[in-house]
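The values are calculated or read from the model by the stated rules, or taken from the named source; none is laboratory data. Please read all numbers here as calculations on a predicted model, not as lab measurements. Glycine also receives a Cβ, built like all others from the backbone with ideal geometry; neighbour counts cover every protein chain displayed. Only protein heavy atoms, including side chains, enter the accessible area calculation; ligands, DNA and RNA are left aside. Shrake-Rupley method; radii C 1.70, N 1.55, O 1.52, S 1.80 Å.
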Amino acid sequence: MPTSVRFYRDLLGLEIISGSEEAYFSSLRTKQGKDPILNLERGNPVTQWGRLIFHVPDVDRFWAYLKEKGLCPEAPRDASWGERYFHLSDPDGHELSFAHPI
């Protein structure tokens, strides 16, 4: 829980609306959001595939920010469906996508 909370709060800028680094269960949301978008529960990691997509104002700038923080996101690219995006896995191996319409 501490690693996941720090990743989502400190690197991605989500705010904790319930729980903490020490809690068994924590809920986080984007600072502009009204509802929780992510619930974290201490325990065995889920092995099923899933992806959480974050829309960011500038994909390349956010990619550079994550690189500066020592992370290794995939290089940004343009998609045929009209978005620029890149992927990164969270500390538990869940795939995250950061995107913006072209």
Note: among P73, P57, just one is buried (at least 16 other Cβ atoms within 10 Å of the Cβ), part of a loop (DSSP other than H, G, I, E, B) and not small (G, A, S), namely P73
So which residues in the range 1-54 are surrounded by fewer than 16 Cβ atoms within 10 Å (Cβ to Cβ), in contact (Cβ under 8 Å) with a residue 24 or more places away in the chain and small (G, A, S)?
-> G50
Failed criterion for K67 (all others in (1) in a helix (DSSP H, G or I); (2) under 20 Å from R6 (Cβ atoms); (3) open to solvent by less than 40 Å² (accessible area, probe 1.4 Å) hold) = (3)
Mind checking which residues of the range 76-91 are exposed (fewer than 13 other Cβ atoms within 10 Å of the Cβ) and outside any strand (DSSP E or B)?
-> A79, S80, W81, G82
Mind checking which pairs have a first residue in the range 76-102 that is more than 30 Å from N44 (Cα to Cα) and a second that is assigned to a loop (DSSP other than H, G, I, E, B) and open to solvent by 80 Å² or more (accessible area, probe 1.4 Å), Cβ under 7 Å, 6 or more apart or different chains?
-> D78/I102; G82/I102; E83/I102; R84/I102; H100/P57
Restricting attention to the range 88-102, the residues that are in contact with a Phe, Trp or Tyr (Cβ under 8 Å, 6 or more places away or on another chain) and not small (G, A, S) number exactly 7
Which numbered condition trips up G93, out of (1) modelled with pLDDT under 95; (2) touching a Leu at 6+ places or on another chain (Cβ under 9 Å)?
-> (2)
From (1) over 15 Å from R9 (Cβ atoms); (2) part of a loop (DSSP other than H, G, I, E, B); (3) among the basic types (K, R), pick out the condition that doesn't hold for K31.
-> (1)
When the range 39-64 is checked residue by residue, the ones that are of a type in the set (A, V, I, L, M), out of contact with any Ser or Thr (no Cβ under 7 Å at 6 or more places or on another chain) and closer than 19 Å to S4 by Cα are V46, L52
Scanning the range 1-57 for residues that are among the aromatic types (F, W, Y) and farther than 18 Å from H87 by Cα gives Y24, F25
